[in-house]
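The values are calculated or read from the model by the stated rules, or taken from the named source; none is laboratory data. The shown structure was predicted, so the numbers you read here are calculated from the model rather than taken from an experiment. Neighbour counts run over all protein chains shown; Cβ positions are idealised from the backbone, glycine included. All accessible areas refer to the heavy atoms of the entire protein, side chains included, with ligands and DNA or RNA removed. Shrake-Rupley method; radii C 1.70, N 1.55, O 1.52, S 1.80 Å.
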Amino acid sequence: MKMSGCQLNIRRWTTKHVAKWLKEEGFCDYVDLLCNRHRLDGTSLLTLTEYDLRSPPLELKVLGDIKRLMVSIRKLQKQNSDLLEELGYTCDGWPAASGSHSMQGAGDWLCNGDPVRDCVSAVTSLSGEQYHQYTNGKYKPHTRRLDPEYWKTVLSCIYVVFVFGFTSFVMVIVHERVPDMRTYPPLPDIFLDSVPRIPWAFAMAEACGVILCNIWLLVLLLHKHRSILLRRLCSLMGTVFMLRCVTMFVTSLSVPGQHLQCSGKIYGDMWAKLRRAVAIWSGFGMTLTGVHTCGDYMFSGHTVVLTMLNFFVTEYTPRTWNFIHTLSWVLNLFGIFFILAAHEHYSIDVFIAFYITTRLFLYYHTLANTRAYQQSRRARIWFPMFSFFECNVNGPVPNEYCWPFSKPFIMKRLIG
């Protein structure tokens, strides 16, 4: 730089230093506007962008002056790139957290964490839609990538099937350790102590789950991005049930009601345990299929399934489908009530299951829709499975529907 004060750290520049720099660069006409009226100091000058120059309150009108001034500012930014990075900005003057990157690391990220180099920078709007920024400050929509990646969906299905099998085996182990009711009577519970037991309530809870499951299968069948939806359901369901394995194995609660004739069963050798686990797994752990388990109280698996299906149905159907959303919530809440009314679980079991399921669903979709994990190496380390499944899903999944079969043609035309 030509200015004699170039040795002074730009962080310490006052409006007088900026005015002197503007004069030396040949922009005397803008000294009053930038320095006197808008009080630009060294730091604010360094973060100035072409968009700032074109937009209110500056609104520079001469295109040549805008371009020449930006060339000088970019030279200044290049000379002070360390300070710019320390302030949280890229070399283009955009905040690093806004989704735009410098030319050294611009654009999207690949699955291996490497940046995709591009001639324009990506900017994410508040609505979650992505845009590319041209050098003149204008934007164009960014093409949304929604790769079905069926092989990842198959892996997620294998994952959830394995988790369900492992859960069934843990339930067999837990049943062997169930506390003796004569020594450890049911724990005090406000709801269970206040509401008399309804014998048929648990069957009704499972019926609510079956109805919700059928609604979800219909939504999944007709949704255009069914592969992504199924992959997300399997990864979330598998993760929650894996956490359930840990909680019910670590802590064995006493049975919640005297009607449950649970006593510690010894299944003998490993093959006997495996046969019992396969029976639980093949019957989906439901009493409607003749499966009866004991000891798996922390936390409620039925509540997890009801809540997860409800959230997926309401998330992946249009907001205007009020009847479906209302029906889904009614089935979810009534199913939870029937679980408690049957005295099959403690209230805390149901509450924890509902809380964990909803939080994981919301965290997962927030990260997936905003792609915030791509800006953080820590997120990719702590959530490797999530990063693996979602690395090629660019933004929120739109609710688009199509008939998946070629016939009948009228259905394909009606829904497609």
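Structure summary
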| item | result |
| --- | --- |
| Alpha-carbon centroid distance for the pair the range 195-238 / the range 254-290, whole angstrom | 23 |
| Paired Rg and Dmax values of the range 242-337, which use every Cα atom, in angstrom | 17.0, 55 |
| Expected-Rg normalisation [2.2 N^0.38 Å, Cα atoms] applied to the range 22-61 | 1.09 |
| Portion, in percent, of the accessible area of the range 261-346 that falls on carbon or sulfur, probe 1.4 Å | 69 |
| Tail fraction, Cα-Cα pairs, the range 156-263, threshold 23 Å, whole percent | 49 |
| Cross-link pairs Lys152/Lys224; Lys152/Lys407; Lys152/Lys273; Lys23/Lys61 - those with Cα-Cα distance over 21 Å | Lys152/Lys407; Lys152/Lys273 |
| Cα-based shape type of the range 281-416, given that a ≥ b ≥ c are square roots of the gyration tensor eigenvalues and the cut on a/c is 1.5 | oblate |
| Cα gyration tensor, the range 304-361 - rounded (a/c under 1.5), prolate or oblate | oblate |
| For the range 24-90, average projected area of the Cα convex hull in nm² | 4.5 |
| Packing rank of 174-185, 9-20, where each peptide gets the mean count of other beta carbons within 10 Å, highest leading | 9-20, 174-185 |
| Eligible aspartates and glutamates near Lys78 by straight Cα distance, threshold 17 Å, same-chain separation 8 or greater | Glu25, Glu50, Glu86, Asp92 |
